[in-house]
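J.: Once you've had a glance at the structure underneath, I'll fire off some questions.
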Amino acid sequence: MNVNGKHYRALWMEGSTVCMIDQNLLPFEFSIYRCNDIDETCRAIKTMITRGAGSIGAAGAYGMLQAIYNNKSDENLYNELFVSKQKIDSTRPTAVNLFYATDRVLEASKISKEFAVSEAFAIADECVEQSRKIGIFGAELIKDGYGIETHCNAGWLALVDYGSALSPLYTAHDSGKNIFVYVDETRPRSQGARLTAWELEQHGILHAIIPDNAGAHYMSKGKINIIITGADRIAANGDTANKIGTLEKAISAKYYGIPFYIAAPTSTIDLKTNYGSLISIEERGEEEVLYYSGKQKNGKIIEIQVANPGSKALNPAFDVTPAELITGIITEKGIINPDKESIKNLFL
Ligand code: MRU
């Protein structure tokens, strides 16, 4: 993705340093955050300096790479990487791409250090290629003049490049289709209002940020032709965990007969999880609900209290949409039905 005419990925390696676009500062500041060791990389994943399933998968792989670079004796490599994997996996529990990435590097280390290194780099490169293909398949669903609703940020910031839910939008726009995107603000962290809106603006796509509770209103007015969101984990039966609020959009879409698609690379599918209620849902701190940060007119970024001071808050970061509410899953291998058989066939 280009920012001010320069191509960037959401994150990359420079020597043994993991460099990432600081997503906590966007859209107010475009700044590169550098993690010099695995502990700093873990902190960056946890505090969401980098975020989104594909990008945290790549960050996990790069964290493993930092552990490999730090390893002095080949004999101990597997054991050291085993500990590094536990450390990385404990940062965020829901997006399966993280575990997919650390598993893959750990397994590769059984063969050789060199293979583990090449696997760590391959994970980010594959994520980019898969996202590009999702764009090509997904764009077929988008007709000229479509209104499209999306939730959270499943763009290039979330998947190293291109994106999952947003990749079809970029491809459709680039091929000359006129589209208008209804961007759910996505409280409490506002990934839609801050990140998706910023990405779409960079790409010159017409859009408007809508309050999280406005989706059903626009659906009822016939403004939304299709809804596409990303995924953090797709269970073997098609149930899908994605950013909190996705479930409500899927229920509304069913009521109004609007197609509801999930876009995700196959690395987001977790065949070991049979159905959605087995997916572990991250609970984040209540301060994300009770306080908001934003930019003042004088340019200063500040945090303000936005709720009753005496009240507690609950902050589940994801919800699970049952497969029966999902029209289809857009993957890098094509668009499939959200059922056990079709999902299994992707891996044959
Ligand atoms: O908590 P986040 O911002 O890392 O969660 C990301 C999401 O849930 C996105 O909506 C997305 O669909 C999955 S990432 C491609």
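J.: To the nearest 10 square angstrom, what accessible area does Glu14 show with a 1.4 Å probe?
T.: We get 90 Å² for Glu14.
J.: Here's something else I'd like to know. Could you check the simple spin-label distance between Ile251 and Asn337, using points 7 Å along Cα→Cβ, in nm with one decimal?
T.: A separation of 2.6 nm, rounded to one decimal place.
J.: Here is a follow-up. Once phi is turned into θ = phi - 60°, what whole-Hz ³J(HN,Hα) does the Karplus curve with 6.51, -1.76 and 1.60 give for every residue of the range 126-137, x standing for Gly and Pro?
T.: 5, 4, 5, 5, 5, 5, 4, 5, 4, x, 5, 5
J.: First check a/c for the range 134-345, with a ≥ b ≥ c the square roots of the eigenvalues of its C-alpha gyration tensor; if it is under 1.5, answer rounded, and if not, answer prolate when a/b is larger than b/c or oblate otherwise. Can you show the working numbers first?
T.: Details: a/c = 1.72, a/b = 1.22, b/c = 1.41.
In terms of gyration-tensor shape, oblate.
J.: Count the net charge of all other residues whose Cβ sits under 15 Å from the Cβ of Tyr256, scoring Lys and Arg as +1 and Asp and Glu as -1.
T.: Surrounding charge for Tyr256 is +2.
J.: Here is a further query. Residue farthest toward the positive end of the dipole of the range 97-254, with Cβ of Lys/Arg at +1 and Asp/Glu at -1: which of Ile111, Phe180, Met219?
T.: Farthest along the dipole direction, towards plus: Met219.
J.: Follow-up question, since we're still on this one. Taking the simple approach of a point 7 Å from Cα along Cα-to-Cβ for both Glu282 and Ser220, what is their distance in nm?
T.: Between Glu282 and Ser220, the label points sit 3.3 nm apart.
J.: In addition: Share of the range 2-131's accessible area from carbon and sulfur, percent, 1.4 Å?
T.: After summing per-atom areas, the C and S share lands at 51 percent.
J.: Same structure, new question: Give me the percent relative contact order of the range 213-348, please, defined on Cα pairs under 8 angstrom at least 6 residues apart.
T.: 31
J.: Separate question: Which whole-angstrom value gives the distance between the alpha carbon centres of the range 1-77 and the range 230-308?
T.: Result: 22 Å between the Cα centres.
J.: Which of rounded, prolate or oblate describes the range 102-207 when judged by the alpha-carbon gyration tensor and an a/c cut-off of 1.5? Before the final figure, lay out each step's value.
T.: Working: a/c = 3.39, a/b = 1.97, b/c = 1.72.
It comes out prolate by the Cα gyration axes.
J.: Just need the relative contact order of the chain here, percent rounded to a whole number, with Cα pairs under 8 Å and 6+ apart.
T.: Contact order relative to length: 15 percent.
J.: Provide the per-residue ³J(HN,Hα) series for the range 196-208, in order, calculated from phi with Karplus coefficients 6.51, -1.76, 1.60 and θ = phi - 60°, each as a whole number of Hz, with x at glycine and proline positions.
T.: 4, 4, 5, 4, 5, 5, 4, 8, x, 9, 5, 7, 9
J.: Just to be sure I understand: with springs between alpha-carbon atoms less than 10 Å apart, which residue in Tyr275, Tyr62, Tyr256 has the highest mean-square fluctuation in the Gaussian network model of the chain?
T.: Evaluated over the chain, the most mobile residue of the options is Tyr256.
J.: When the helix-only estimate is applied to the chain (DSSP H runs of n ≥ 4, each -39,500 (n - 2.57), divided by the residue count), what is the mean residue ellipticity at 222 nm, nearest 500 deg cm²/dmol?
T.: The helix-only estimate for the chain comes to -10500 deg cm²/dmol at 222 nm.
J.: Going by average Cβ density within 10 Å per residue, which order do the peptides 317-328, 73-84, 216-227 take, highest to lowest? Numbers along the way, then the final one.
T.: Details: 317-328: 20.2, 73-84: 14.2, 216-227: 16.9.
In descending order of packing, they fall as 317-328, 216-227, 73-84.
J.: Computing the accessible area with a 1.4 Å probe over protein heavy atoms, can you report the carbon and sulfur percentage for the range 134-345? Write out the running numbers ahead of the final one.
T.: Working: 4590 of 9120 Å².
Reported share for carbon and sulfur atoms: 50 percent.
J.: Then there is this: Residue by residue, what Karplus-based ³J(HN,Hα) values in Hz, rounded to whole numbers, does the range 173-178 have, using 6.51, -1.76 and 1.60 with θ = phi - 60° and x for Gly and Pro?
T.: Working through the residues one at a time gives 4, 5, 8, x, 6, 8 Hz.
J.: To continue, here is another question. Structure shown: which of Lys223/Lys272; Lys87/Lys133; Lys113/Lys333; Lys143/Lys249; Lys87/Lys312; Lys133/Lys221 lie over 27 Å apart, alpha-carbon to alpha-carbon?
T.: In this structure, Lys223/Lys272; Lys87/Lys133; Lys113/Lys333; Lys87/Lys312; Lys133/Lys221 exceed 27 Å between Cα atoms.
J.: Then there's this: Please say if the range 178-228 is rounded, prolate or oblate, where rounded means a/c under 1.5 for a ≥ b ≥ c the square roots of the C-alpha gyration tensor eigenvalues, and otherwise the choice is prolate for a/b larger than b/c and oblate otherwise?
T.: Oblate, since a/c reaches 1.5 and b/c is not below a/b.
J.: With each pseudo-label sitting 7 Å past Cα toward Cβ, what's the Asn345-Ala307 distance in nm, one decimal?
T.: 4.5
J.: Per residue, how much accessible area does the chain have with a 1.4 Å probe, in Å²?
T.: Normalised by residue count, the accessible surface of the chain is 43 Å².
J.: Now for a different question. Keeping all protein chains in the complex and leaving out DNA, RNA and ligands, what accessible area do you get for Arg104 with a 1.4 Å probe, in Å² to the nearest 10?
T.: The accessible area comes out at roughly 50 Å².
The values are calculated or read from the model by the stated rules, or taken from the named source; none is laboratory data. What you see is a predicted model, and the numbers here were worked out from it, not measured in a lab. A quick note on method: Cβ atoms are made from the backbone with ideal geometry, for glycine too, and the neighbour counts reach across all protein chains shown. Keep in mind that these areas ignore ligands, DNA and RNA; they rest on the heavy atoms of the full protein, side chains included. Shrake-Rupley method; radii C 1.70, N 1.55, O 1.52, S 1.80 Å.
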